[in-house]
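The values are calculated or read from the model by the stated rules, or taken from the named source; none is laboratory data. Computed from a predicted model, the values in this text were never measured in an experiment. When we count neighbours, we look across all protein chains shown, and the Cβ atoms used for this are built from the backbone with ideal geometry, even at glycine.
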Amino acid sequence: MNLGLANKTALVTASSGGIGLEIARSLAADGARVIINGRTQGSVDKAMADIRAGLPKADLVPLATDNGTAEGCAATIASVPSVDILVNNLGIYEAVGFFEETDEDWQRLFDVNIMSGVRLSRHYLRGMLDRGHGRIVFISSESGVSPAPEMAHYSATKTMQLSIARSLAELTKNTNVTVNSVLPGPTRTPGVEEFIGGIFPGVAQADAERQFIAQNRPTSLIGRLIDPKEIGDTVAFVCSDRASAINGSNIRAEGGLVRSAF
């Protein structure tokens, strides 16, 4: 399917690894010019080489900035004043019991998970509205609608992203700009593999993943971790002209583990 992404410029925050890397790969595969972002030049260069190994003609632009800080967002905006697509993928998580979560833990996740998207959207959405066309996608989580008890602070930020995205979508009436959220479920990234390994120490990775789904996410209908490429392709579609009727929506790509008809 031709998604019509050629001649579009996309910024995917935290795209040097994990889900962000696969989102960038999917966008590049359909012809978008993709800005690869990470905190270090080394991580960005490695991600670009990874994508170009399979897509030699991929149009990629390096951007080493830390969008988890106000200074990093300012540097991003100065380097890239305008984009057609913004994917707010940057996010951090950790498994900490509620009584062990400090004020500093809550503030750190808020600063990174929420303020990065707020700062960048505040800038790029204006240009999209002026031009009458654009896409913003917040990468939330199934934890945003089905909070994880071991990650109360993370879950809270993911719920807040849904509210922010819907608020911004209300600003896009009568334009071809859309703002949506995509909600992945547990996805096989290096960070999640490490996370699961910490829960099931000494267990082979494949067995640990099966136990995690069975014990921690038993309502999953697919019964497995999600491949990051599945999320990348979902986001690419939401960013495309083919998805122009989808706006202000929460697109669940969580393997059916959320038991809700709405």
*Can you tell me how many residues in the range 195-234 are among the small types (G, A, S), closer than 24 Å to S16 by Cα and assigned to a loop (DSSP other than H, G, I, E, B)?*
0
*asked:* Need the failing condition index for F212 against (1) more than 29 Å from I136 (Cβ to Cβ); (2) crowded, with 17+ Cβ neighbours inside 10 Å; (3) out of contact with any helix residue (DSSP H, G or I) (no Cβ under 8 Å at 6 or more places or on another chain), just the number.
replied: (3)
*Is there any pair with a first residue in the range 146-167 that is assigned by TED's automatic domain parsing to the domain that holds L90 and at negative phi and a second that is outside any helix (DSSP H, G or I) and of a type in the set (D, E, K, R) whose Cβ atoms are under 6 Å apart and which are 6 or more apart or on different chains, and what are they?*
H153/E101
*Single residue of the range 172-197 satisfying the filter (buried (at least 19 other Cβ atoms within 10 Å of the Cβ) and hydroxyl-bearing (S, T, Y)) that is nearest to the chain's Cα centre (by Cα)*: S181
*Which is assigned by TED's automatic domain parsing to the domain that holds V177, touching a strand residue (DSSP E or B) at 6+ places or on another chain (Cβ under 8 Å), part of a helix (DSSP H, G or I) and surrounded by fewer than 19 Cβ atoms within 10 Å (Cβ to Cβ), of G117, G127?*
G127
_Residue satisfying condition, being farther than 22 Å from D111 by Cβ and not aromatic (F, W, Y), within set A64, A70, A74, A29_ = A29
*Is there a residue being touching a strand residue (DSSP E or B) at 6+ places or on another chain (Cβ under 7 Å) and either closer than 29 Å to I199 by Cα or surrounded by 15 or more Cβ atoms within 10 Å (Cβ to Cβ) (or both) anywhere in the range 89-110?*
yes
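Looking at L86, is it outside any helix (DSSP H, G or I), in contact (Cβ under 8 Å) with a residue 24 or more places away in the chain and in contact with a Leu (Cβ under 6 Å, 6 or more places away or on another chain)?
On the way: outside any helix (DSSP H, G or I): yes; in contact (Cβ under 8 Å) with a residue 24 or more places away in the chain: yes; in contact with a Leu (Cβ under 6 Å, 6 or more places away or on another chain): yes.
Against the criterion (outside any helix (DSSP H, G or I), in contact (Cβ under 8 Å) with a residue 24 or more places away in the chain and in contact with a Leu (Cβ under 6 Å, 6 or more places away or on another chain)), L86 qualifies.
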_Any residue in the range 58-70 that is outside the structural domain of I114 (by TED's automatic domain parsing) sitting within a Cβ distance under 7 Å of a residue that is outside any loop (DSSP other than H, G, I, E, B) and surrounded by fewer than 16 Cβ atoms within 10 Å (Cβ to Cβ)? List the pairs, counting only those 6 or more apart or interchain._
none
_Please determine whether any residue of the range 179-189 is in contact with a strand residue (DSSP E or B) (Cβ under 7 Å, 6 or more places away or on another chain) and part of a helix (DSSP H, G or I)._
no
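Run down E142, E150 and say which single residue is of a type in the set (D, E, K, R), closer than 30 Å to F212 by Cα and crowded, with 19+ Cβ neighbours inside 10 Å.
It is E142.
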